[in-house]
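Engineer: Just passing along the structure, written as structure tokens.
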Amino acid sequence: MKPLEGMIVLDFSQYLAGPSAALRLADLGARVIKIERPGSGDGSRPMKLHNLESMGDSVLFQTINRNKESFCANLKSPDDMAMVKRLIARADVMIENFRPGVMKKMGLDYESVRRINPRLVYGTVTGYGTTGPWIKKPGQDLLVQSISGLAWLNGDDGQPPMPFALSLADSYTGIHLAEGIMACLLRRFTTGQGGLVEVSLLESVLDLQFEVITTYLNDGHQPPKRSAYHNAHAYLSAPYGIYGTSDGYIALAMGSVPELGGIIGCSALTGYTDKEEWFTRRDEIKEIIGAFLAGDTTAHWLKLLEAAGYWCSDVYTWDRLVESGQFKELNLLLNVRREGGEDIFTTCCPIRFGDAPFLDSRHAPALGEHTAQIIAEFGLDREGEIV
């Protein structure tokens, strides 16, 4: 039995952060019902990455909304709103990511729905919180990476700020939301009461940077200084970074510079015995390392370094990674099949309970696919008082 089996989650959110949290709850056994607007649905349905589409929806939508059901409701319609409120009365969790104030105008904010269902755990995602001068800014991943200072950690010194090339803010916020919801569900078992769980993209990205922001706050507010040569971490000394070899790349983590010189036979490194210089003369040292490692193959350097227990790694492309024995051993690939459509391959839930991962491969729902079924199952069209 999966940990959240028997839980009903209503997912009013769209795009990535909220739906990714709902996906994790679905992977862990919850029944997730997406509440979508008729005609268009979740805004990520047409949002394509590299023009990939399946059965009229983007592959992105298909992967982040697998294992869910779709219920269409016009929240401006009194009849549809009545059905939604009857569904809320039966739910355990509700997730939304509208702009601050929108749910209150509709009468679906936490204070309103708790009168319908006091046991409900209500999760809300915003871009920058619910108060303050930034609450009307668009809560979008690139914008949050930029305004949070994160983009200044990437790239080399002298280069412009460089965002991470993935939806990092959305994904990390989704993790925080799922974490908070599950903690609130646990509390409900002892108190009988639900609660409000609030997360924001900005706070999640700031939390992601906790080690470097903590360094900044306790180091006289000195701004991070990126390495000018193969930057990898603004606050770590040489040899930390990725270096080219004669046939590829190699990554070196924390370690002694003179020890590295002895292992690879680079006498120019053995004189750097002052650990302070590994940071203050970081670029100088890294340029020596880079020039030396370019003289032989990745396999050659890995053999020497791994034998000495020096922290290092090959630098894989995805094609090499998915063919590796470790990737196959983890059994992380999931084939999401949809009748009449092409197979979609994605990654499965990375959380394990026991030996095997959760490999539930139910496809993402078509818009409104389960509306009639859910109305009948829960008797949503019956007359009755709604709080």
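Engineer: What residue among P160, P224, P19 has the largest mean-square fluctuation in a Gaussian network model of the chain, using Cα springs under 10 Å?
Structural biologist: Residue with maximal mean-square fluctuation among P160, P224, P19: P160.
Engineer: Which net charge results when you count Lys and Arg as +1 and Asp and Glu as -1 among the other residues whose beta-carbon is under 15 Å from that of H233?
Structural biologist: -1
Engineer: Stretched out fully, how many nm does the piece from L52 to E306 gain, at 0.36 nm a residue minus the Cα gap?
Structural biologist: So the extension gain works out to 87.4 nm.
Engineer: For the chain, which whole-number percentage of the solvent-accessible area (1.4 Å probe, protein heavy atoms only) is attributable to carbon and sulfur atoms?
Structural biologist: Exposed carbon and sulfur together represent 55 percent of the surface.
Engineer: Grab the beta carbon distance between A372 and T346, set R0 = 30 Å, and tell me the FRET efficiency rounded to 0.05.
Structural biologist: Working: r = 28 Å, r/R0 = 0.94.
For A372 and T346, the calculated efficiency is 0.60.
Engineer: Here's another thing I want to ask about it. In whole percent, what relative contact order does the chain give with Cα contacts below 8 Å and a gap of six or more residues?
Structural biologist: Relative contact order of the chain: 18 percent.
Engineer: Amide H to amide H, which residues 5 or more places from E53 or on other chains are under 5 Å from it, using H placed in the peptide plane?
Structural biologist: V59
Engineer: Counting Lys +1, Arg +1, Asp -1, Glu -1, what net charge surrounds V336 among other residues with beta carbon under 9 Å of its beta carbon?
Structural biologist: +3
Engineer: Right, something else. Report, in order of residue number, the helices in the chain meeting two criteria: a C-alpha extent of 27 Å or more along the helix axis, and a mean Kyte-Doolittle hydropathy of at least -0.5; treat each whole DSSP H run as one helix.
Structural biologist: TM-like helix candidates: 168-191.
Engineer: Express the accessible area of the chain per residue in Å², computed with a 1.4 Å probe while the remaining protein chains stay in the model.
Structural biologist: Here the residues of the chain average 52 Å² of exposed surface.
Engineer: Take every DSSP beta bridge with both residues inside the chain and express the antiparallel ones as a percent of the total, to the nearest 5. Intermediate results must be reported in sequence, preceding the final value.
Structural biologist: Numbers: 14 of 37 bridges.
Here the share of antiparallel DSSP bridges comes out near 40 percent.
Engineer: In addition: Specify which labelled value, from (1) 198, 68, 57; (2) 85, 49, 42; (3) 196, 74, 46, agrees with Cα extents along the principal axes in Å derived from the coordinates of the model shown.
Structural biologist: After the calculation, the listed value that fits is (2).
Engineer: Here's a follow-up. Per the helix-only calculation at 222 nm, which mean residue ellipticity applies to the chain, given -39500 (n - 2.57) for every DSSP H run of n ≥ 4 and division by its residues, nearest 500 deg cm²/dmol?
Structural biologist: Numbers: 16 runs with 140 residues, N = 387.
Helix contribution divided over all residues of the chain: -10000 deg cm²/dmol.
Engineer: Please give me, ordered by residue number, the trypsin sites (Lys or Arg not before Pro) of the stretch 27-86 that lie in loop per DSSP and have at most 10 other Cβ atoms within 10 Å.
Structural biologist: For trypsin sites (Lys or Arg not before Pro) across the stretch 27-86 that sit outside H, G, I, E and B with at most 10 neighbouring Cβ atoms in 10 Å, the list reads K76.
The values are calculated or read from the model by the stated rules, or taken from the named source; none is laboratory data. Owing to the predicted nature of the structure, the values given are computational and were not obtained by experimental measurement. Neighbour counts are summed over all protein chains in view; Cβ atoms, including those assigned to glycine, are modelled from backbone coordinates with ideal geometry. Just so you know, the surface numbers come from the protein's heavy atoms only, side chains and all, with ligands and any DNA or RNA stripped out. Shrake-Rupley method; radii C 1.70, N 1.55, O 1.52, S 1.80 Å.
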